[in-house]
1. Six or more apart or on different chains, Cβ atoms under 7 Å: show the pairs whose first residue is in region 106-121 and free of Cβ contacts under 8 Å to residues at least 60 places away in the same chain and whose second is in a loop (DSSP other than H, G, I, E, B).
2. Quick check: is even one residue across region 82-98 surrounded by 13 or more Cβ atoms within 10 Å (Cβ to Cβ), closer than 21 Å to V39 by Cα, of a type in the set (D, E, K, R) and within 11 Å of the chain's Cα centre (by Cα)?
3. Which of the following residues is crowded, with 16+ Cβ neighbours inside 10 Å and at pLDDT below 90: L78, L72, L16?
4. Taking the conditions exactly as written (of a type in the set (A, V, I, L, M), outside any loop (DSSP other than H, G, I, E, B), within 20 Å of R119 (Cα to Cα) and at pLDDT 95 or above), does A36 satisfy them or not?
5. Out of the residues in region 99-130 that are of a type in the set (K, R) and surrounded by fewer than 13 Cβ atoms within 10 Å (Cβ to Cβ), which is nearest to A36 (Cα to Cα)?
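The values are calculated or read from the model by the stated rules, or taken from the named source; none is laboratory data. As the structure is a prediction and not an experimental result, all values here were calculated from the model. Cβ placement follows ideal geometry from the backbone for every residue including glycine, while neighbour counts extend to all protein chains displayed.
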Amino acid sequence: MRSPAWILALIVVSMLAHGRTAEAITADEFRLRSGADLVALCATPSTDSLYTAAIHMCHGFGAGTFQTLVALARHDKLEPLVCPPEPTPSRNETVGRFLDWAKRNPQYLTDAPAEVVGRFFFAAFPCPRK
């Protein structure tokens, strides 16, 4: 039997695959209880009354997670964790890639948002292995 959280993630990904959300964004998604909440914020249509706040939260959370991953590897003798290509993709392009990745990986959407974003960055911007 599937857990309710897994079913919620499946519903969110299904809605994203059809290019819409079932309901307008609410304050609940801003609590970022799961990766599904972050995906919902990042996929908010520009016609939603909370679009500006949602997309800023999406960009800010993603940029903060990215900067944290970069900072973790700045210590002596540590290899980088993520290696984006040059030129670095724009935030909007990266969010689009994140949403595509989330559609293909719904099994992670019940995880913590930082874990979901980290998994995406590791998959999208892998570093060459020595």
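1. F121/V82
2. yes
3. So the residue among L78, L72, L16 that is crowded, with 16+ Cβ neighbours inside 10 Å and at pLDDT below 90 is L16.
4. yes
5. This residue is R104.
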